[in-house]
Amino acid sequence: QVQLVESGGGLVQAGGSLRLSCAASGRTFSGYTMGWFRQAPGKEREFVGGMSWSGGYTSYADSVKGRFTISRDNAKNMVFLQMNSLKPEDTAVYYCAAAPKWTTYSRAYSYWGQGTQVTVSS
């Protein structure tokens, strides 16, 4: 059974930092692109950032560029999202996802985690 499990969410003040982790299990994710998405109440899910298997391709939403950084540890099937200079508008449920090839489109991602809540207070 394929599982993606996010952790590291929580409540933080504006300007603070959080580091989200995503642990993948149940199959090999060799070659898979890993992405982070978020969904705020009343809004559609949006792409936050993604990284290809080798790290050769990386992309971020304009709203988080310069503040968020994705990294991955392929040996441990882990992916991370370092979030700095957090803003109240970053408040959302954050999801980890895996796609068989490089993409930023949510529909191309095959596997999804259950999400972790990030709340940024002003």
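Bear in mind these aren't lab numbers, they're just calculated from the coordinates by the rules spelled out. Nothing here was measured: the structure is a model prediction, and the numbers come from that model. With ideal geometry, Cβ positions are generated from the backbone for all residues, glycine too; neighbour counts draw on all protein chains shown.
Positive end of the dipole of the range 2-105 (Cβ unit charges, origin at the Cα centre): among V93, Y60, Q3, the Cα lying farthest that way belongs to Q3. Charges were assigned to the Cβ only: +1 to each Lys and Arg, -1 to each Asp and Glu. The resulting dipole of the chain about its Cα centre is roughly 180 debye.
Summarising the label geometry, the points placed 7 Å from Cα in the beta-carbon direction at A23 and Y105 lie 3.3 nm from one another. How many percent of DSSP beta bridges within the chain run antiparallel, rounded to 5? Taking every DSSP beta bridge within the chain, about 90 percent pair in antiparallel fashion. The residue list T28, T104, G16 was ranked by how far each Cα lies along the charge dipole of the chain toward its positive end, using unit charges on Cβ atoms, and T28 comes out on top. The charge dipole of the range 13-71, taken about the Cα centre with unit charges on the Cβ atoms of Lys, Arg (+1) and Asp, Glu (-1), comes to about 120 debye, rounded to the nearest 20. For the range 1-86, what percent of Cα pairs sit more than 14 Å apart? Summing the P(r) of the range 1-86 above 14 Å gives 66 percent of all pairs.
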